[in-house]
Amino acid sequence: MKTKRSERLIDMTAYILNHPHTLTPLTYFVKKYDSAKSSISEDLTIIKKTFKERQFGVLETVPGAAGGFIFTPSMSYEESKKIVQGLCARLSEQDRLLPGGYVYLSDLLGEPQLLKQVGQIIATKYADKKIDAVMTVATKGVPIAQAVSYYLNVPFVIVRRDSKITEGSTVSVNYVSGSSERIEKMELSKRSLKRGSKVLVVDDFMKGGGTVNGMKALIEEFEAELVGITVFAESTFSGRRMVEEYTSLLCVKDVDTRTKNITVVPGNYFNLTDDFKASSK
């Protein structure tokens, strides 16, 4: 049954936003709305123009018999910076300070809307990269990895520190904790990652970088390729970090346990402003 253009535009937009990085043939909408291909093409042109003006992402037409259209979501530099600055203010609240100088952030990672925004910010940076999987370590990194994998439309895999019978055969590595310098162990199911996969590592918090370095070692064991590393927050570290190339959304610059003052600033994710702006377009 044919539908009005206004209704069709709303329905098409909802579909496109909910299917990022998915090649959809033009005939899908032609059959769904019983409309001419030319009408659907005009609708897509309208949506494409609106997405570009509102900086929602890029709607690209793929020519050829097997072509169609594909949507790559993104978030503008200005919007991303605004969200991160808001997070800096929230993370600087005095009641977040925990014994040992740690900062409580679990509640932030439990907010669905905030997680969506964080996922989209991170995914924007890697929108033009070939990524097969997003990797994180249990447990607090899981919601971030899930949000990022949604916007990249790829699976996410969970590295664990303890054995789970439900994981089947696993590959394990020993790594040195960056902050305590203790020997730790992490493992990943052999079925989780294919050989040659291109992997993006995300995590909730990084201090010395030992955990992230352990995931790098696991990726090498699977004969896969590390594409990038992004953490939700990092803290200043007096020693030498075990990873050098990474990006962070937030940086806990200073923690005064006596006054309970926490200083949080945007992370190095925004240092290369020109590169980020270019990837947002």
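Throughout, read-outs are computed from the coordinates displayed, never taken from laboratory work. A quick note: this is a predicted structure, and the numbers were derived from the prediction, not measured. No Cβ is skipped: glycine too gets one built from the backbone with ideal geometry, and neighbour counts run over all protein chains shown.
Per residue and in Å³, how big is the convex hull formed by the alpha-carbon atoms of segment 1-151?
142 Å³
Against the longest principal axis of the chain, how steep is helix 37-54, in degrees 0 to 90 to the nearest 10, with axes from Cα atoms?
Here the helix axis deviates by roughly 40 degrees.
Could you check which residue among Leu17, Leu114, Leu98 shows the biggest mean-square fluctuation in a GNM of the chain with a 10 Å Cα cutoff?
Leu98
Under 18 Å from a point 7 Å along the Cα-to-Cβ line of Glu167: which residues of segment 190-213 have their amide N that close?
What the label zone holds, given the 18 Å backbone N cut-off, is 190-195, 200-204, 210-213.
So what does the Cα-only Debye profile of the chain read at q = 0.08, 0.12 Å⁻¹, as log10 I(q)/I(0), no solvent term?
Each listed q corresponds, in turn, to -0.40, -0.82.
Relative to the first principal axis of the alpha-carbon coordinates of the chain, what is the inclination of helix 112-125, with its axis defined by its Cα atoms, in degrees from 0 to 90 and to the nearest 10?
With both axes taken from Cα atoms, the answer is about 80 degrees.
Can you pick out the pairs among Lys49/Lys125; Lys207/Lys260; Lys49/Lys253; Lys82/Lys207; Lys81/Lys260 whose Cα atoms lie more than 30 Å from each other?
As for pairs spanning more than 30 Å Cα to Cα, those are Lys49/Lys253.
Compute the semi-axes of the equivalent ellipsoid of segment 62-205, taking the square root of 5 times each eigenvalue of the Cα gyration tensor, and list them largest first in whole Å.
Each semi-axis is √(5λ); the values are 28, 26, 11 Å.
Would you mind listing how long segment 109-152 runs along its three principal axes, going by Cα atoms, in whole Å with the largest first?
Rounded to whole Å, the extents work out to 28, 21, 12 Å.
Which residues make up the longest stretch of the chain clear of GluC sites (Glu not before Pro) that lie in a DSSP loop with no more than 12 other Cβ atoms within 10 Å, not counting the sites?
In short, 1-180.
Return one number: the angle in degrees, 0 to 90 and rounded to the nearest 10, between the long axis of the Cα atoms of helix 210-221 and the longest principal axis of the Cα atoms of the chain.
Between helix and principal axis, roughly 60 degrees.
Roughly what would the spin-label model give for Lys32 and Lys129, points 7 Å off Cα along C-beta, in nm?
3.1 nm
Residue by residue through segment 258-271, what is 3J(HN,Hα) from phi via Karplus (6.51 cos²θ - 1.76 cosθ + 1.60, θ = phi - 60°)? Round to whole Hz and write x for glycine and proline.
6, 8, 6, 8, 10, 9, 10, 10, x, x, 6, 4, 9, 5
What does the charge count around Pro143 come to, taking other residues whose C-beta lies under 11 Å from its C-beta (Lys +1, Arg +1, Asp -1, Glu -1)?
That works out to 0.
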